[in-house]
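Asker: Before anything else, here's the structure in question.
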Amino acid sequence: MAADMKRKIQGTVVTIAGSKTATVLVERKVMHPRYHKFVKRFKKYLVHDEKSQLKVGDFIEAIECRPLSARKKFRLETVLKTGVE
């Protein structure tokens with residue numbers, strides 16, 4: 001992997017934590033090793049939202065950046081779809 005390649009994640013905003021932080025739930029599908037069925041795996045990431053524009057339910061894309069806090073290592077790239085709330 002090249003040094004300038006940044007990871008991108010897509011997920012749904014589940015909580016707004018603080019003034020410029022959102023918790024994003026990322027879902028991925030993996031094949032079960034024994035049963036050969038696709039199962040869902042979930043992970044939560046903290047995303048930096050500089051303009052505080054996110055709402056719960058938004059579907060976003062975030063890009064990897066330098067560590068902004070102990071757990072916050074992604075920043076908001078784009079809002080792909082707005083939520084219902």
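The values are calculated or read from the model by the stated rules, or taken from the named source; none is laboratory data. Quantities reported herein were computed from a predicted structural model and do not represent experimental measurements. FYI the Cβ positions are ideal-geometry reconstructions off the backbone, even for glycines, and counts take in every protein chain you see. The protein model used for the area step is the full one, side chains on, heavy atoms only, and it has no ligands, DNA or RNA in it. Shrake-Rupley method; radii C 1.70, N 1.55, O 1.52, S 1.80 Å.
Asker: Please compute the per residue accessible area over the chain with all protein chains in place, 1.4 Å probe, rounded to a whole number of Å².
Answerer: On the way: 6330 Å² over 85 residues.
On a per-residue basis, the chain sits at 74 Å².
Asker: Oh, and also: Can you list the HN-Hα couplings for segment 28-42, worked out from phi with the Karplus curve (6.51, -1.76, 1.60; θ = phi - 60°), rounded to whole Hz and with x for Gly and Pro?
Answerer: These are the phi-based 3J(HN,Hα) values: 9, 10, 10, 7, 5, x, 9, 8, 6, 10, 7, 10, 8, 10, 10 Hz.
Asker: How much length is gained on full extension from PHE42 to ALA70, taking 0.36 nm per residue of separation minus their Cα-Cα distance? Before the final figure, lay out each step's value.
Answerer: On the way: separation 28, 0.36 × 28 = 10.08 nm, distance 2.04 nm.
Full extension from PHE42 to ALA70 adds 8.0 nm.
Asker: Also, quick follow-up: With an 8 Å cut-off on Cα pairs and a minimum separation of 6 or more residues, tell me the relative contact order of the chain in percent.
Answerer: Details: 184 pairs, mean separation 24.4, N = 85.
Reported relative contact order: 29 percent.
Asker: Computed from the mean reciprocal separation of all distinct C-alpha pairs, what Kirkwood hydrodynamic radius does the chain have, in Å?
Answerer: Details: mean 1/r = 0.0729 Å⁻¹.
Result for the chain stands at 13.7 Å.
Asker: A further question follows. Below 26 Å, Cα to Cα, which lysines can LYS73 reach? Residues fewer than 8 away in the same chain don't count.
Answerer: Leaving aside lysines fewer than 8 places away in the same chain, those within reach of LYS73 are LYS6, LYS8, LYS20, LYS29, LYS40, LYS43, LYS44, LYS51, LYS55, LYS81.
Asker: Give, as a single signed number, the net charge of other residues whose beta carbon lies under 9 Å from the beta carbon of ILE63, with Lys and Arg counted +1 and Asp and Glu -1.
Answerer: Values: positive: LYS6, ARG7, LYS8, ARG75; negative: GLU61, GLU64, GLU77.
Once positives and negatives cancel, what remains is +1.
Asker: Additional query: HN-Hα J couplings of segment 55-60 from phi, Karplus 6.51/-1.76/1.60, θ = phi - 60°, integer Hz, Gly and Pro as x?
Answerer: 10, 5, x, 5, 9, 10
Asker: In the full protein assembly as shown, how much of LEU25 is accessible to a 1.4 Å probe, in Å² to the nearest 10?
Answerer: LEU25 exposes around 50 Å² with every protein chain in place.
Asker: Using θ = phi - 60° and the Karplus curve 6.51 cos²θ - 1.76 cosθ + 1.60, what whole-Hz ³J(HN,Hα) does each residue of segment 66-77 get, with Gly and Pro shown as x?
Answerer: Using θ = phi - 60°, the values come out as 5, x, 9, 7, 5, 10, 9, 10, 10, 10, 5, 9 Hz.
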